[in-house]
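Notes for the one structure printed next.
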């Protein structure tokens, strides 16, 4: 196929500030996870599909399939207002638990 570019589960990403590997970041109206730590203005890989374990708002209880969002603090939450769509809860996560497994939007 002449117009095929790439599979699309990992995209090139260049942060304006240093970012640690495994960190969820907003790219426009979507979320990706930085594959390995990057310095400011260093191009690297950003995973935009698949399931990732990410830090979440501990007060939120997630049911499998709940839509989830990335807030300004870099935490997964059920609150949609002013937050970036991240995907959905791949598995349940109780309130009081610090992480959630998220199926990224892709």
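What follows is calculated from the coordinates using simple rules that are stated; it is not laboratory data. As the structure is a prediction and not an experimental result, all values here were calculated from the model. When we count neighbours, we look across all protein chains shown, and the Cβ atoms used for this are built from the backbone with ideal geometry, even at glycine.
Residue 65 - would you say it is under 21 Å from residue 97 (Cα atoms) and in contact with a strand residue (DSSP E or B) (Cβ under 9 Å, 6 or more places away or on another chain)? I'd like the intermediate steps shown before the answer.
Numbers: under 21 Å from residue 97 (Cα atoms): yes; in contact with a strand residue (DSSP E or B) (Cβ under 9 Å, 6 or more places away or on another chain): yes.
Considered against the rule, which asks whether it is under 21 Å from residue 97 (Cα atoms) and in contact with a strand residue (DSSP E or B) (Cβ under 9 Å, 6 or more places away or on another chain), residue 65 comes out as yes.
Quick one: residue 15 ticks every box in (1) surrounded by fewer than 17 Cβ atoms within 10 Å (Cβ to Cβ); (2) part of a loop (DSSP other than H, G, I, E, B); (3) free of Cβ contacts under 8 Å to residues at least 40 places away in the same chain bar one, so which box is it?
Of the numbered conditions (1) surrounded by fewer than 17 Cβ atoms within 10 Å (Cβ to Cβ); (2) part of a loop (DSSP other than H, G, I, E, B); (3) free of Cβ contacts under 8 Å to residues at least 40 places away in the same chain, the odd one out for residue 15 is (1).
Filter segment 25-38 down to the residues that are touching a residue at least 24 places away in the same chain (Cβ under 8 Å), more than 19 Å from residue 80 (Cα to Cα) and assigned to a loop (DSSP other than H, G, I, E, B) and list them by number.
If the condition is that a residue be touching a residue at least 24 places away in the same chain (Cβ under 8 Å), more than 19 Å from residue 80 (Cα to Cα) and assigned to a loop (DSSP other than H, G, I, E, B), then 35 is the only one that fits.
Could you say which residue among 94, 60 is more than 24 Å from residue 8 (Cα to Cα), out of contact with any helix residue (DSSP H, G or I) (no Cβ under 7 Å at 6 or more places or on another chain) and surrounded by 15 or more Cβ atoms within 10 Å (Cβ to Cβ)? Lay out the reasoning, then the answer.
Details: 94 fails: surrounded by 15 or more Cβ atoms within 10 Å (Cβ to Cβ).
Result: 60 is the single residue among 94, 60 that is more than 24 Å from residue 8 (Cα to Cα), out of contact with any helix residue (DSSP H, G or I) (no Cβ under 7 Å at 6 or more places or on another chain) and surrounded by 15 or more Cβ atoms within 10 Å (Cβ to Cβ).
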